[in-house]
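Let me begin by presenting the structure, written as structure tokens, before commenting on it.
The values are calculated or read from the model by the stated rules, or taken from the named source; none is laboratory data. Predicted, not measured: the structure shown is a model, and the values here were computed from it. Note that each Cβ is placed from the backbone with ideal geometry, even for glycine, and that neighbours are counted across all protein chains shown. Just so you know, the surface numbers come from the protein's heavy atoms only, side chains and all, with ligands and any DNA or RNA stripped out. Shrake-Rupley method; radii C 1.70, N 1.55, O 1.52, S 1.80 Å.
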Amino acid sequence: IDVARQMEAARLGSSEALGEILEQCRSYLLLVAESELGADLRAKEGASDLVQQTFLQAQRDFPQFRGTSEADTLAWLRRILLHNLADLARRYRGAEKRRVDRETSLDDDGSLEGWAEQLVAESESPSQCAMIRERNEYVERALQRLPEHYRTVIVLRHRENMSFKGIGQAMHLSAEAARKLWAR
């Protein structure tokens, strides 16, 4: 493949020619990315992601590129790749909240035990609170439509947690009559 001919076609606007040039450089850039990407950053971004980002920038900036040979192209792409790698390192090693050394891998001991409890919220979400409030309002409206003796037995049993014997005493009924009234 004639690099000079591809380069000329790419400069004339052929995205296919530029794509072929970049594709010929992929394996070299992957090797560079694999060797330069620190183990701590691999969890954040892979070598192939860095190469893809490099290709996107190369396509955008190709009109400013003045190289003419394969060596010029490789050097230019390598510089872009290393710049992207430096940005990645600054983003995750320098930013306090995203620092890689603050992270704990879920795979450290091969167990996820204990993580679920740490991730679950202690309280209801706003939507859960709204649903509970709506359900309680619905129950209140339904209770208000009941005759007094039915409403009383339900409130004593479910809100006051009274036994049927206690309900019977409070309503001057037997325990069995209180249970039957509650069942109705």
- Query: Is it true that some residue in the stretch 145-160 is among the basic types (Lys, Arg) and open to solvent by less than 90 Å² (accessible area, probe 1.4 Å)?
  - Reply: yes
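Conditions (1) of a type in the set (D, E, K, R); (2) at pLDDT below 85; (3) over 30 Å from PRO63 (Cβ atoms), marked per residue:
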| site | (1), (2), (3) |
| --- | --- |
| ALA75 | no, no, no |
| ILE80 | no, no, no |
| ASN84 | no, no, no |
| LYS97 | yes, yes, yes |
| THR104 | no, yes, yes |
| GLU122 | yes, yes, yes |
| ARG141 | yes, no, yes |
- Note on the structure: (1) modelled with pLDDT of 75 or more; (2) farther than 30 Å from VAL32 by Cα; (3) of a type outside the set (S, T, N, Q); (4) assigned to a helix (DSSP H, G or I) all hold for MET162 apart from (4)
- Task: Write out, first by first residue and then by second, each pair whose Cβ atoms fall under 7 Å of each other, whose residues are 6+ apart or on separate chains, and whose first residue, in the stretch 18-29, is without any contact (Cβ under 8 Å) to a residue 60 or more places away in the chain while the second is assigned to a helix (DSSP H, G or I) and of a type in the set (Asp, Glu).
- Result: none
- Item | Residue in the stretch 8-24 that is least open to solvent (accessible area, probe 1.4 Å), counting only those that are in a helix (DSSP H, G or I) and out of contact with any helix residue (DSSP H, G or I) (no Cβ under 7 Å at 6 or more places or on another chain) | GLY19
- Query: Does the stretch 35-65 hold any residues that are within 26 Å of the chain's Cα centre (by Cα), open to solvent by 50 Å² or more (accessible area, probe 1.4 Å) and of a type outside the set (Lys, Arg), and which are they?
  - Reply: ALA39, ASP40, ALA43, SER48, ASP49, GLN52, GLN53, LEU56
- For GLU34, are the conditions met, namely being in contact with a helix residue (DSSP H, G or I) (Cβ under 8 Å, 6 or more places away or on another chain) and not in a helix (DSSP H, G or I)? no
- Within the stretch 11-35, track down each residue that is of a type in the set (A, V, I, L, M) and farther than 25 Å from LEU85 by Cβ. LEU12, ALA17
- Query: In the stretch 129-159, what residues are assigned to a helix (DSSP H, G or I) and either in contact with a strand residue (DSSP E or B) (Cβ under 6 Å, 6 or more places away or on another chain) or hydrophobic (A, V, I, L, M, F, W, C) (or both)?
  - Reply: CYS129, ALA130, MET131, ILE132, VAL139, ALA142, LEU143, VAL153, ILE154, VAL155, LEU156
